[in-house]
Each structure stands twice: as C-alpha cells, then as structure tokens.
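Comments concern the structure below.
The values are calculated or read from the model by the stated rules, or taken from the named source; none is laboratory data. Since this is a predicted model, take the numbers as computed values, not measurements. All Cβ positions, even for glycine, are placed from backbone atoms using ideal geometry, and neighbour counts span all protein chains on display.
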C-alpha cells in the first residue's frame, strides 16, 4: 500500500477512517517506511502482557483487596508523603507490589528494540518503572517516572542496584555509607518528574514525524502533555481501551499491543 498525498487534514482523516484492519496494518508499515524519525510513548499496557498489572483497570493494582493496606488510598501508598511520614508502610507496599526483577519482556518490548537496532526508532518514552525495554535490548529509553530497579541514598546520593531494597532485611533500608534512608529512584505522587528524562522526551517528541502511542489511556498528565506537544506527520495509537486524543490520531488499534507490533515489518 502506498499512502496518497493528502490535500487537507479532512481528506487525510477520511482516508484513514475508511481502512479495514488489514489495510490499517499495511498503512502502519507504510508510515514506518515513509518516516525518518519515529518515537514511541508507552504506558502500563505495554507491560501488562508480561504479567505486570496496571494501576487503574478493574484488575489493576489500585483495585486489589489487601487488608494490610486497606486503610490507605492506593495513591497515598506510592506518594512522597507516605515515604516521608510512614516509610515502613511505603517500603512494605513497594516490596510486595512493585518487584519486577524476574519479569520478562514481551513481543512489544522486543519489536521496539528491533526497530531501534534497525535505525527505525529514535527512542522510547515510558511511564513504566520495570526496566523491560532495556531488558529487551532498547538503549534509548527515557523513563519519565524513574525505575524500580535503581535506588539511591537520600543524603549522600550513593546509588544502589535492583536488589538492594527488595533483598534488604530492614523495614526501612539504610545506606551502608552514611546510615540514611535509601529510596527507590521512582517518581512518587507529589514529586516532580526527572528533569533530564523529561527534557529529552520533549525533544524526541518535537523532532519526530511519526509518534506511536501504546498501552496508555493518556489519563496521566505527564504522558498527555507530551502527546499534546506532538505536531508531526503521523500519529498512531495502540491500546485495548479508549485513549484520549484518538480524534487526533491517524490510525487507532483497539487490540493487543504485542499482536499489532508483531505485524510491523522492519
């Protein structure tokens, strides 16, 4: 399939809305062939196919019934307020629910790594903190919510690896170097996004002529803000549920992200 030259946005929209599922895959591959700078913006749905629960769906982390943490709102348990005022509660919840060390990348992660290696993907922007993109082989990954596989001392800033918090026997892990608390390198509720990762994500978005958005409803402000900054040639959304900005996208797939990504030809 060769994409036509469009005389207007209305003509472009009408054309893409007329495609059946098979034609949409052909169009996606033609977009990838036709563009030089591709970015991927992903959310929790990218990792659910690896067995990691998302947060807000009916089966997500925020809807789990756990008597131990029942008195707290889920957002509070992953907030700076909880870390600062009830650190033992925070680390208990974190260790029980966010240990992703043994999780394996899925087809979506692998395809994105393949695209980068082939020179067809400039980078991945992810809201996820599981490190699965890197495990799959991606090198240009901007983690705008940090990573559960890194930690650091709040005082001397000594950095620690993925096992330090999860294997630590203390209720609240302390730094062997200075004795102060060691915390995960994740963006908690009430904290700013990591500046360098966010700035690099903005640059990637603005430089791209194809943006693929996957596994996110764009309900979280940081991801939605980045998506609104995009003004390139094509936008594609892949998500099982409804996603904000579908009206702006050229192609929308309400399907498994691994299934759709596997149909991309490099």
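List of remarks:
- Those residues of the range 154-167 which are touching a strand residue (DSSP E or B) at 6+ places or on another chain (Cβ under 8 Å) and either under 12 Å from residue 184 (Cβ atoms) or crowded, with 21+ Cβ neighbours inside 10 Å (or both), in sequence order: 154, 159, 160, 161, 162, 164, 165
- Among residues of the range 1-36, those that are part of a loop (DSSP other than H, G, I, E, B) and touching a strand residue (DSSP E or B) at 6+ places or on another chain (Cβ under 7 Å), counted: 1
- Residues satisfying the stated conditions in the range 217-245, i.e. assigned to a loop (DSSP other than H, G, I, E, B) and modelled with pLDDT of 95 or more: 230, 231, 232, 233, 239
- Taking the range 212-224 as the range and being in contact with a helix residue (DSSP H, G or I) (Cβ under 9 Å, 6 or more places away or on another chain) and over 18 Å from residue 112 (Cα atoms) as the test, the residues that pass are 217, 218, 222.
- Only residues that are surrounded by fewer than 11 Cβ atoms within 10 Å (Cβ to Cβ) and touching a helix residue (DSSP H, G or I) at 6+ places or on another chain (Cβ under 8 Å) were counted across the range 1-38, and they come to 2.
- Among the residues of this structure, residue 122 does not count as one that is modelled with pLDDT of 95 or more, surrounded by fewer than 21 Cβ atoms within 10 Å (Cβ to Cβ) and under 19 Å from residue 49 (Cβ atoms).
- Single match in 266, 238 (criterion: under 21 Å from residue 113 (Cβ atoms) and surrounded by fewer than 16 Cβ atoms within 10 Å (Cβ to Cβ)): 266
- Residue that is at pLDDT 75 or above, over 21 Å from residue 146 (Cα atoms) and either in contact with a helix residue (DSSP H, G or I) (Cβ under 6 Å, 6 or more places away or on another chain) or crowded, with 16+ Cβ neighbours inside 10 Å (or both), where the choices are 90, 94, 69: 69
- Checking the stated criteria, residue 146 turns out not to satisfy the condition of being out of contact with any helix residue (DSSP H, G or I) (no Cβ under 9 Å at 6 or more places or on another chain), closer than 21 Å to residue 202 by Cα and surrounded by 14 or more Cβ atoms within 10 Å (Cβ to Cβ).
- Residue within the range 189-199 that is within 15 Å of the chain's Cα centre (by Cα), in contact (Cβ under 8 Å) with a residue 24 or more places away in the chain, surrounded by 16 or more Cβ atoms within 10 Å (Cβ to Cβ) and closer than 26 Å to residue 25 by Cβ present: no
- Positions within the range 168-184 being free of Cβ contacts under 8 Å to residues at least 40 places away in the same chain and buried (at least 18 other Cβ atoms within 10 Å of the Cβ), in sequence order: 175, 182
- Strands (runs of 3 or more DSSP E) contained in the range 39-158 and holding at least 2 residues within 22 Å of residue 213 (Cβ to Cβ) and touching a residue at least 60 places away in the same chain (Cβ under 8 Å): 123-126
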